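Asker: Got a structure here, written out as structure tokens. Questions coming.
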Amino acid sequence: MSADGDASGDSPDGSGGAAAHVDVDPGVRDHGTQILEADPDLSLAAFAGQLFRDRNVAPDTAADLYDSLIATDAVGDGDDGDQDATDAGADDVDDATDQSDPVADPEPTAGDDRGQDAIDDVEAPPAPPTPPEPPVGAERGENDQQTIADRIADHYARADAVGVYDALGAIDANATDADRDLSCIGVPDFTGWYRTKDDATGRWDGRGRPFALGREFETIRDQLGRDMYATVNYAPAPWFLEAWDRYRWTGSGDDRAREWDGGGSPTPEYADVAAYAPFADVDLADDMKHARPAGDAPTDRIDDALRRYIDAFAELAGGREHVFALDSVGGAYLFIAPTSTAPIAAAFDRDDRAAIFEALTDRMNSWLTDVGERVTDATGLGGVFEPDAINNKNRLYKAPLSVHKSVDGVVTPIDTADPSYRFTALEVADAELVGDARDWSDRFTGDHTEAVGAIVAGLWPEYDAGADGWRDALAAWLEDHRADQERNAESENDRIPSNEIPDDLETTDNLEVINSKIEGIDVGELIDDTIGAAVTGESTENSNNGVRFDPPWRGSNSGQSCFADSAKFYDPDSSYSGGGALEFIAAERKIVNRPGDKLTGNKYWQAVNALREEGYNIPYYEGKGDRKHPDVLRLFEETETEEEKKRQLARALFADR
């Protein structure tokens, strides 16, 4: 998250020690686990706020559950952004984490524009990384002299030549009665979410937006090392034009990540989604997936399980023609075609569409859990071949013909009429298979809008009974959903004292107002007021009233080695840096170790609050969403008493994430 959107991080009272198992409803525990799977770095305050909003869980109970889940490592390692989300165990990334807030791919290198961008004119992405040494996987053949990297490059070139990803990535407007074509996001090697270019102002490290797979695979190929991903959702093509956002890099090594100006990653929200594929990722146990090249997998039982899953999906979709499946090498994917839900997006406005698609995800996860238990019981594949049931709006899956990240096999279509689970090595992926993948993609993104009624009936059965069609059923659910929201809002108002946001608190929803206030602070005067100036009346390029001072971030023999004027301060020691009022107060208050360290996320807002404590009138930032930004809730203020900490934690329930 960016300086204007990080409600997690250093949250109030968020350290929490190890805790014993908390006696809560299993559904609440599972939901808490899913929240932390989606964002392993989530703070206690943000976790408590989301549990309250989603399940009306009291803050104290949420805090105990948070400590319990963290202490027992119930959620694994999650996704740090620069590494695969499956380091914690599942070798298939396949997106056990919520990709709604992806944070990192390698820092871009400036390049020339190649004129191939069908959407807009941006700089070329960085060159692809040098592929790793070949992992253990499929037998490669003694006479094969090509490197694995060359074979992968040739493989994707063949897929590109017949337009596999053009077909997969785009939905024609005619297939959904929409006024615009749709596209899904394409992600090379799981971490390469964003197409980037320089920020024209020079104040940010760059600008970025997701790749539009249907129009930009040629560009994606330039940085594609091994595995190719797509999202289950599709947004109108113009959305990608408008998704550009500014970012700064923060952290280093495994902690390196982008923080976005807009308050979160520039990926589609539920309200932006125009088509959405109901989806299941059925994971194969790690030892089995690596044994597949040698044929050591219980294929007969997996074939049986696939038939059962496909039958369940066909019943939900109202017909097998709407169901699609892929052998993901490390498991299997099942889908109902994305256009099956497009009529929902067309029939309801943004707010209602967002609520429906979010509920569809939750209900699909519950439905899939029930189906998975039945199939597992029938086939005896518990712990071997099971669905993860943690879908989300930006769920990734390995696209057809993608190479697996650690096994030299490729993702292939499964015949839903006669499913067969047989490993396909990279070296045998021929023109016929590429043609099959193109045909699969064409059918997958075709017109399946007639399935919407069956899906609504299957996932909202209590509203479908007696309803005059699927629209009427969803409208009835929306009415109840709004009533639930109003009751929750009333409950929040009952819990949070009305004076927690004073009426006379000066606020703004424009970050530039805050920045201009900070830029107007006299830096020399700030230094004199906080640490005292050693010498005043110095001449600088900006004034004749500069100061010399003893820097609080390092030793100074003279006690006056740094100087400042109204606009900035300067440290002649080349190991350090200068800056303005915000940079000085951050170093002086030990928010950062030294001037020049980046001020992003919580650190930015802590420094802003420190200036307020020095008496500067800086409005509080409200944010732009329905929920309150942590700044206006004063979550960055230092608390002195236990009562103040409790009140601050309670206010966090209102915060955006």
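The values are calculated or read from the model by the stated rules, or taken from the named source; none is laboratory data. Computed from a predicted model, the values in this text were never measured in an experiment. All Cβ positions, even for glycine, are placed from backbone atoms using ideal geometry, and neighbour counts span all protein chains on display.
Asker: Kindly establish whether residue 170 is in contact with a Gly (Cβ under 9 Å, 6 or more places away or on another chain) and either within 16 Å of residue 221 (Cα to Cα) or not assigned by TED's automatic domain parsing to the domain that holds residue 413 (or both).
Answerer: Numbers: in contact with a Gly (Cβ under 9 Å, 6 or more places away or on another chain): yes; either within 16 Å of residue 221 (Cα to Cα) or not assigned by TED's automatic domain parsing to the domain that holds residue 413 (or both): no.
No, not satisfied.
Asker: Being closer than 15 Å to residue 394 by Cα and either basic (Lys, Arg) or outside the structural domain of residue 278 (by TED's automatic domain parsing) (or both) is the requirement here; does residue 215 meet it?
Answerer: Working: closer than 15 Å to residue 394 by Cα: no; either basic (Lys, Arg) or outside the structural domain of residue 278 (by TED's automatic domain parsing) (or both): yes.
When the stated conditions are applied, residue 215 does not pass them.
Asker: If you check residue 168 against the conditions, is it surrounded by 15 or more Cβ atoms within 10 Å (Cβ to Cβ), under 20 Å from the mean Cα position of the chain (by Cα) and modelled with pLDDT of 95 or more? Walk me through it before giving the result.
Answerer: Details: surrounded by 15 or more Cβ atoms within 10 Å (Cβ to Cβ): yes; under 20 Å from the mean Cα position of the chain (by Cα): no; modelled with pLDDT of 95 or more: yes.
Against the criterion (surrounded by 15 or more Cβ atoms within 10 Å (Cβ to Cβ), under 20 Å from the mean Cα position of the chain (by Cα) and modelled with pLDDT of 95 or more), residue 168 does not qualify.
Asker: Another question, then. Can you name every residue in region 511-529 that is touching a Pro at 6+ places or on another chain (Cβ under 9 Å) and either modelled with pLDDT of 90 or more or among the hydrophobic types (A, V, I, L, M, F, W, C) (or both)?
Answerer: Those that are touching a Pro at 6+ places or on another chain (Cβ under 9 Å) and either modelled with pLDDT of 90 or more or among the hydrophobic types (A, V, I, L, M, F, W, C) (or both): 513, 514.
Asker: For region 378-408, which positions are crowded, with 18+ Cβ neighbours inside 10 Å and more than 27 Å from the chain's Cα centre (by Cα)? Step through it out loud before you land on a result.
Answerer: Restricting attention to region 378-408, the residues satisfying the condition of being crowded, with 18+ Cβ neighbours inside 10 Å are 379, 381, 384-408.
Answer for region 378-408, where residues must be crowded, with 18+ Cβ neighbours inside 10 Å and more than 27 Å from the chain's Cα centre (by Cα): 379, 381, 384, 408.
Asker: Another question, then. Which of the following residues is part of a strand (DSSP E or B) and more than 25 Å from residue 210 (Cβ to Cβ): 378, 325?
Answerer: 325 is the lone residue from the list that is part of a strand (DSSP E or B) and more than 25 Å from residue 210 (Cβ to Cβ).
Asker: Regarding residue 365, is this residue closer than 23 Å to residue 234 by Cβ, in a helix (DSSP H, G or I) and out of contact with any His (no Cβ under 8 Å at 6 or more places or on another chain)?
Answerer: In short, yes.
Asker: In contact with a Gly (Cβ under 6 Å, 6 or more places away or on another chain), in contact (Cβ under 8 Å) with a residue 24 or more places away in the chain and farther than 25 Å from residue 172 by Cβ: is that true of residue 303 in this structure?
Answerer: no
Asker: Just to be sure I understand, how many residues within region 162-216 are of a type outside the set (Gly, Ala, Ser) and within 21 Å of residue 343 (Cα to Cα)?
Answerer: 12
Asker: Here is a follow-up. Keeping to region 356-390, report how many residues are of a type in the set (S, T, N, Q) and over 25 Å from residue 479 (Cα atoms).
Answerer: Within region 356-390, residues that are of a type in the set (S, T, N, Q) and over 25 Å from residue 479 (Cα atoms) number 3.
Asker: Looking only at region 234-277, count how many residues are of a type in the set (Phe, Trp, Tyr) and under 15 Å from the mean Cα position of the chain (by Cα).
Answerer: So the count comes out to 3.
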